[in-house]
Amino acid sequence: MLAVPVQALFGQLLIGLINGSFYALLSLGLAIIFGLLNVINFCHGALYMLGAFVAWFLLEKAGIGYWGALILSPLAVGLFGALMERLLLRRLAGLDALYGLLLTFGIALVLQGLFSNWFGSSGLPYEMPPQLQGGQNLGFMFLPNYRVWVIGVSLVLCLGTWAVIERTRLGSRLRAATENATLVSAFGINVPRLVTITYALGVALAAIAGVLAAPIYRVSPLMGADLIIVVFAVVVIGGMGSILGSIVTGFSLGVLEGLTKVFYPEASNTVIFVVMAIVLLVRPAGLFGKQA
Amino acid sequence: MKSQRVPTAIMVALIAAAPFVVYPVFLMKALCFALFACAFNLLLGYVGLLSFGHALFFGGAGYVSAHAAKIWGWPPEVAILGGTLGAAALGLLVGWVAIRRQGIYFAMVTLALAQMFYFFCLRANFTGGEDGIQGVPRGKLFALLDLTHMTTLYFVVAAIFLFGFALLHRTVHSPFGQVLKAIRENEPRAISLGYKTDNYKLIAFVLSAAMAGLAGGTKSIVFQLASLTDVHWGTSGEVILMTLIGGMGTVFGPVAGALFMVALENYLAQLGSWVQVTEGAIFVVCVLAFRRGMFGELGRLLRRPL
């Protein structure tokens, strides 16, 4: 173990934190959506991909750069999500949650298939914004500015989302509707609108993750396809009961994956799934889950 | 069960007559996927468990059978049996972990475990990685029937399909199957009646995995190939779609759904990723407007379960 160079160790830790940022942002969105809609949003990965593609389109076709995309892309994807919820998901209210999973799986196939047809599967490059290029030399390792930015932004977003849900009026309504939607609507709160807003917010988080990922990974139609399966495992490990729980689980599993890449690279793709199996055997409800 | 005698006879007659009208290789592919879908339907249609990782057993058995036939030189019947048993063992392991969660979590857990197996297959020496196992010999069944002969091979595949179909049909209509349906309808109540539902679910899961394995092992001998496609989540999605479109919880629905999807892929093959788009669109339409599926609707029209 001591033979591992410090530089590689810290480098992989950093990559682990980056991946953890994406796991946290995506599982957070999944948890919020599941809480209110009782739907596991299988197209979350496809919407993350859509967010990255919107950023690419904005740059190529409208000349709007990274900073504009960081605002516009989640707006566009959130709007798309709101439409999807109104036109499709709403029709499944009251049915078994499995139908929601299958419907969103179908939507994911359509989106990924369409973009694969238009752009092939190799992916397109997206330039890093000039303000965030370069990095700091810490002596023992080189720290790229953009990576620090990604980790910072996702931490702020995660904690911000937590604050909105726990501390604001919208959040208290959302929590109340998660507990008992019928009662909340009896108090005169427009629950259907709340559902649409929640879904749009959840997928907007995925879109921001997509924009953040665009300069690191290439913008490709399948960038979200395998990611969403890992995020599912993260969600099973953390349990969807707690917002802070999914943030902590997301970041720590990213770091664990990074460490595995240093010490036992053969298992780096599978370590999260192994952890999931162990957690299921020891604590089936998940680390932060409430009931079995 | 009586109400299904006539449609079963029609199905057997169609299977017997089909190779003289339609290209047999296409039919064999459809039969393998039909058995796969029937096995999957045992879980989704009768126990209410959505496994999103059934490609694990289908593709996993394909690898075992292909490896046994090619590298170890086993005769085809033993190779297919080996694949089936291998899939059953995998089913025991995966089922043991997965049945700890219900509903939507069960789907996510099976999907994640299947993805883990996919990465394992990608790296293991046993599977040939990206190349898969190619040029698997078909050999002679019971050292007697030459499987390189197309019509012989077809009827062997048809016999395997009918064996699996009959076994699953018998299971569903047995007292054991009644308990499975009780679990689907109301699991807490089944528990309160004294049934150890976890055991029932695990047995159903292993049986479903084994039959999916029988289908996958047969496919690898017929097509002389085992590859990563068969363990990919895309294949798990396909078998769900086959069952959904044919009618989940129906006896003949998965067979019709498999035939439909294999035919669709055949016609759309040259269109590349449009197959995926079409599949996705069918998913959306089925979930929104056609939840009973072909045989669910037909059964409702004829007022008999099909």
Original post:
If you rank B:Leu145, B:Leu42, B:Leu35, B:Leu90 by fewest surrounding Cβ atoms within 10 Å, what's the result?
Top reply: B:Leu145, B:Leu90, B:Leu42, B:Leu35
**OP:** Based on other C-beta atoms within 10 Å, arrange A:Ile15, B:Ile104 from fewest to most.
**Re:** A:Ile15, B:Ile104
**OP:** Compute the Rg to Rh ratio over chain A from the alpha carbon atoms, using the Kirkwood formula for Rh, and round to two decimal places.
**Re:** 0.97
**OP:** With springs connecting C-alpha atoms under 10 Å apart, model chain A as a Gaussian network and identify which of A:Ala206, A:Ala76, A:Ala55 has the largest mean-square fluctuation.
**Re:** A:Ala76
**OP:** Only helical DSSP H runs with n ≥ 4 go in: add -39500 (n - 2.57) per run for chain A, normalise by residue count and round the 222 nm mean residue ellipticity to 500 deg cm²/dmol.
**Re:** -24000 deg cm²/dmol
Subject >> Footprinting exposure proxy for B:Met28, A:Met141, B:Met150, B:Met242 (fewest neighbouring C-beta atoms within 10 Å first) >> reply: B:Met150, A:Met141, B:Met28, B:Met242
Subject >> Nearest-ten-degree value, helix A:44-62 long axis tilted from longest Cα axis of chain A >> reply: 70
Original post:
Scanning chain B for trypsin sites (Lys or Arg not before Pro) in DSSP loops with at most 11 other Cβ atoms within 10 Å, what's the longest stretch left with none?
Top reply: B:1-195
Original post:
From the backbone phi of the stretch B:91-96, what are the Karplus-calculated ³J(HN,Hα) couplings (6.51 cos²θ - 1.76 cosθ + 1.60, θ = phi - 60°) in whole Hz, Gly and Pro given as x?
Top reply: x, 4, 5, 5, x, 4
**OP:** Please report Rg over Rh for chain B, where both radii come from the alpha carbon positions and Rh follows the Kirkwood definition.
**Re:** 0.95
Original post:
Which of A:Ile18, A:Ile189, A:Ile272 moves the most in a Gaussian network model of chain A with Cα springs under 10 Å?
Top reply: A:Ile189
Original post:
Relative to the first principal axis of the alpha-carbon coordinates of chain A, what is the inclination of helix A:271-282, with its axis defined by its Cα atoms, in degrees from 0 to 90 and to the nearest 10?
Top reply: 50
Original post:
What spacing in nm lies between the two simple spin-label points modelled at B:Thr152 and B:Asn199, each 7 Å away from Cα in the Cβ direction?
Top reply: 4.5
Original post:
In this model, which of A:Lys261/B:Lys70; B:Lys70/B:Lys140; B:Lys29/B:Lys181; B:Lys181/B:Lys219 are farther than 23 Å apart at the alpha-carbon?
Top reply: A:Lys261/B:Lys70; B:Lys29/B:Lys181; B:Lys181/B:Lys219
Subject >> Net lengthening on full extension, B:Thr229/B:Gln178 (0.36 nm per residue, minus Cα-Cα) >> reply: 14.8 nm
Subject >> Amide H contacts under 5 Å for A:Gly135, placed H, 5+ residues apart >> reply: A:Asn145
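For a Förster distance of 22 Å, can you work out the FRET efficiency between the beta-carbons of A:Ala8 and A:Leu256, rounded to the nearest 0.05?
Efficiency, from the Cβ-Cβ distance: 0.85.
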Subject >> Projected label distance in nm at B:Ile71 and B:Phe163, using a 7 Å step from Cα toward the beta-carbon >> reply: 2.5
Original post:
Under the classification rounded if a/c is under 1.5, otherwise prolate if a/b is larger than b/c and oblate if not, where does the protein assembly as shown fall, given a ≥ b ≥ c as square roots of the Cα gyration tensor eigenvalues?
Top reply: prolate
**OP:** Could you list which residues have their amide H under 5 Å from that of B:Leu225, counting only those 5 or more apart in sequence or on another chain, with H placed in the peptide plane?
**Re:** B:Val136
**OP:** Would you kindly derive the ³J(HN,Hα) couplings of the stretch B:271-283 from the backbone phi angles with the Karplus curve 6.51 cos²θ - 1.76 cosθ + 1.60 (θ = phi - 60°), listing them in order in whole Hz, with x for Gly and Pro?
**Re:** 8, x, 5, 5, 4, 4, 4, 4, 4, x, 5, 5, 3
Original post:
Roughly how tilted is helix A:225-238, in degrees to the nearest 10 and between 0 and 90, from the longest Cα axis of chain A?
Top reply: 70
Subject >> Value of relative contact order over the stretch B:2-302, rounded to a whole percent, pairs C-alpha under 8 Å and six or more apart >> reply: 33
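Throughout, read-outs are computed from the coordinates displayed, never taken from laboratory work. Just so you know, these numbers come straight off a predicted model, no measurement behind them. Note that each Cβ is placed from the backbone with ideal geometry, even for glycine, and that neighbours are counted across all protein chains shown.
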